[in-house]
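The values are calculated or read from the model by the stated rules, or taken from the named source; none is laboratory data. In this text the structure is predicted, and so the values were computed from the model without any measurement. Cβ placement follows ideal geometry from the backbone for every residue including glycine, while neighbour counts extend to all protein chains displayed.
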Amino acid sequence: MTAVELKDQGNRLFAMKKFEAAISCYTKAIIKSPNTPTFFTNRALCHLKLKQWEQAIQDCRHALDMDRSLVKGHFFLGQALVELGYYDESIASLKRAYDLAKEQRMNFGDDIASALRSAKKKRWNVIEEKRIQQEIALQTYLNRLISEELQRQQEMVRQMYKDTDCTEELKNIEQEHSFMF
């Protein structure tokens, strides 16, 4: 079989959702014609369907090394990168795919734009979660400092009024600090 026939067979297998078998066909096509980027992007899409993110990234990068204007190469790369948490790189790839698709007048419907929005949202969620965790840590730290200061002041009052009743002074200190919590 020729490389193109192997690719066509891989496409038929892909349509039947036989992704492993399709990968095998695309791999054989690549062996026969290693400088055809489409074979790599087709195989990358199979890897995406199988959630094999690293292999998809590798195939996309290989295809893009041969042709930087491949919309599918950037699109699939962006999809795989977002799954591994590389949000900035994913967004850059998806933005490039979106721009190239517009330049080349290719219609991907809302697929690329939707993936781009999703990647941006995931990145925002990670940043927001980190910000919230930092805020919680800061609040915990400040509460501890306030509590320690309250204890220090109470102990100081107790030391000053060793033999006398200092209940009123302690209440004043507690009241002062209660506004801080």
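General observations
- First in segment 136-147 and free of Cβ contacts under 8 Å to residues at least 40 places away in the same chain, second anywhere and exposed (fewer than 10 other Cβ atoms within 10 Å of the Cβ), Cβ under 7 Å, 6 or more apart: ASN143/PHE181; ILE146/PHE181
- Among the residues of segment 22-49, those identified as buried (at least 16 other Cβ atoms within 10 Å of the Cβ) and of a type in the set (Gly, Ala, Ser) are ALA22, SER24, ALA29, ALA44.
- Of the residues making up segment 104-115, just one is within 16 Å of LEU64 (Cβ to Cβ) and not in a loop (DSSP other than H, G, I, E, B), namely ILE112.
- Filtered residues of segment 12-27 (kept if within 17 Å of ALA63 (Cα to Cα) and under 27 Å from the mean Cα position of the chain (by Cα)): ILE23
- Of all residues in segment 80-90, at least one satisfies being touching a Cys at 6+ places or on another chain (Cβ under 8 Å) and either touching a residue at least 12 places away in the same chain (Cβ under 8 Å) or part of a helix (DSSP H, G or I) (or both).
- Verdict on ARG105 being more than 13 Å from the chain's Cα centre (by Cα), at pLDDT below 95, more than 26 Å from ALA21 (Cβ to Cβ) and surrounded by fewer than 20 Cβ atoms within 10 Å (Cβ to Cβ): yes
- Qualifying residue in segment 39-55 (condition: touching a Pro at 6+ places or on another chain (Cβ under 6 Å), free of Cβ contacts under 8 Å to residues at least 60 places away in the same chain and part of a helix (DSSP H, G or I)): no
- Of all residues in segment 27-38, none satisfies being part of a helix (DSSP H, G or I) and touching a Cys at 6+ places or on another chain (Cβ under 9 Å).
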